[in-house]
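Step one of this worksheet: look at the structure below.
Nothing in this text is a laboratory measurement; each read-out follows from the coordinates by a stated rule. Fair warning: this is a prediction, and the values are worked out from it, not measured in the lab. So basically every Cβ, Gly included, is an ideal-geometry build from the backbone, and we count neighbours across all protein chains shown.
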Ligand code: UDP
């Protein structure tokens, strides 16, 4: 595939561009010379992670959205802004339906009014629910088991209906476990509170956390701990650019898994972090976390066949090394402004 097909035309509006995957994607668009503007309400994102033109705005505010579209006239949207925690979605479904479903509807309506017709958005392997078979290809039935997964599936369905009726060009990218950090060392994963395995393990290595809890070691997996498919955040970013370029070449609609196709257990991740950091990283087993399927690994070849995409950094040691470089340089996360 030529470079032209890997680089979309802009301007691109990135919602949630101050977040983890959004900030890396924004950076890559800038590096490729694509005009970009970030829209974020900074509810979970970080102003320090954005070096592009920035609009502090909430997707619930239609008047602000219309003003942003009028000012920047984006050709396309990459939509990351969303709530992303399974556990929180069980406790607060109203929040998830508002932020993920209603705010996406608001965005689509603003796009329709502005005649902006291309959107690439964050979906998730959580839309598949409990795997009936592993690896999970895109033809696997979508039967999510959490409000989070259900809101993401609603987003997919809403966009499919808009595509049919209004000619919206759509790409749903179903991520497995985003991980790692920018190779430049300045962008990475910062959540408050942190719930994700790799940053938590690295906090233990840094000495800011005493030990890592392994959520269940009695799963039907080789070492009893959950197996996940960790995909480097810079590889995810690259896939977004390719998906948008593919839409612009007439490829809509797209629904594509993004993973490496290789699974690592919780114990393997901890062991890798011990090797990478040289720290013993004490671990203890605690009960299973509700809603965690034993194994989630991406299958199928659609990303390669349709986007010409292959992960450039699939090795778990490289992923953990990049995350470690970021966490060592930013032990307290991004500096507060
Ligand atoms: N996990 C764990 N201890 C932790 C955090 C996560 O054992 O403190 C496990 C979790 O049960 C899952 C895997 O690590 O099997 C990845 O979890 P994470 O929250 O990073 O991502 P998720 O798979 O939920 O998107």
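Checking the a/c ratio against 1.5 first, then a/b against b/c, what shape does the Cα gyration tensor give for the stretch 1-81?
On the way: a/c = 2.26, a/b = 1.40, b/c = 1.61.
Verdict is oblate for the stretch 1-81.
Given the Cα-Cα distance of residue 218 and residue 88 and 0.36 nm per residue of separation, how much length would full extension add, in nm? It would help to have the intermediate numbers written out before the result.
On the way: separation 130, 0.36 × 130 = 46.80 nm, distance 2.44 nm.
Extra length from residue 218 to residue 88 when fully extended: 44.4 nm.
Using only alpha carbon pairs under 8 Å that are at least six residues apart, calculate the relative contact order of the chain and give it in whole percent. Walk me through the intermediate numbers first.
On the way: 693 pairs, mean separation 68.1, N = 337.
About 20 percent, as a whole number.
May I ask for the distance between the Cα centers of the stretch 229-253 and the stretch 78-108, given as a whole number of Å?
22
Can you give the extra length, in nm with one decimal, that the chain gains between residue 143 and residue 42 once fully stretched, where that is 0.36 nm per residue apart less the Cα-Cα distance?
Value of the extension gain: 33.3 nm.
Indicate the gyration tensor shape class of the stretch 120-182 (rounded, prolate or oblate), computed on the Cα atoms with a ≥ b ≥ c the square roots of the eigenvalues: a/c under 1.5 is rounded; otherwise a/b larger than b/c is prolate and the rest oblate.
Oblate.
Nearest 5 is fine: what % of DSSP beta bridges in the chain come out antiparallel, could you say?
On the way: 2 of 39 bridges.
Antiparallel bridges: around 5 percent, rounded to the nearest 5.
May I have the extent of the alpha carbons of the chain along their three principal axes, as whole Å values ordered from largest to smallest?
Here the Cα extents, ordered largest to smallest, are 54, 44, 43 Å.
Compare 188, 251, 149 in a GNM of the chain, Cα atoms joined below 10 Å, and give the one with the largest fluctuation.
Taking springs between Cα atoms under 10 Å, the residue moving most is 251.
How many angstrom lie between the Cα centre of the stretch 134-151 and the Cα centre of the stretch 11-58?
What the calculation gives is 28 Å, centre to centre.
Please work out the Cα center distance from the stretch 263-315 to the stretch 167-183, rounded to the nearest Å.
Result: 16 Å between the Cα centres.
For the chain, set up a Gaussian network in which alpha carbons nearer than 10 Å are linked by springs, and say which option among 301, 277, 208 fluctuates the most.
Its mean-square fluctuation being the largest, the pick is 208.
Tilt of helix 62-72 relative to the longest C-alpha principal axis of the chain, in degrees (0 to 90, nearest 10)?
With both axes taken from Cα atoms, the answer is about 80 degrees.
Suppose each label sits 7 Å from its Cα in the direction of the beta carbon; what would the residue 310-residue 132 distance come out to in nanometres?
Once both label points are built, they end up 3.2 nm from each other.
Can you tell me, using C-alpha contacts under 8 Å and at least 6 residues apart, the relative contact order of the stretch 225-337 as a whole percent?
Details: 115 pairs, mean separation 46.1, N = 113.
41 percent.
Taking the simple approach of a point 7 Å from Cα along Cα-to-Cβ for both residue 31 and residue 61, what is their distance in nm?
Inter-label distance under the simple model: 3.2 nm.
Report relative contact order for the stretch 156-299 in percent, whole number only (criteria: Cα-Cα under 8 Å, sequence separation at least 6).
Values: 223 pairs, mean separation 50.7, N = 144.
Relative contact order, the stretch 156-299: 35 percent.
For the chain, what is the calculated [θ] at 222 nm in deg cm²/dmol (nearest 500), taking -39500 (n - 2.57) for each run of four or more DSSP H residues and dividing by its residue count?
Numbers: 12 runs with 127 residues, N = 337.
Here the helix-only value at 222 nm equals -11500 deg cm²/dmol.
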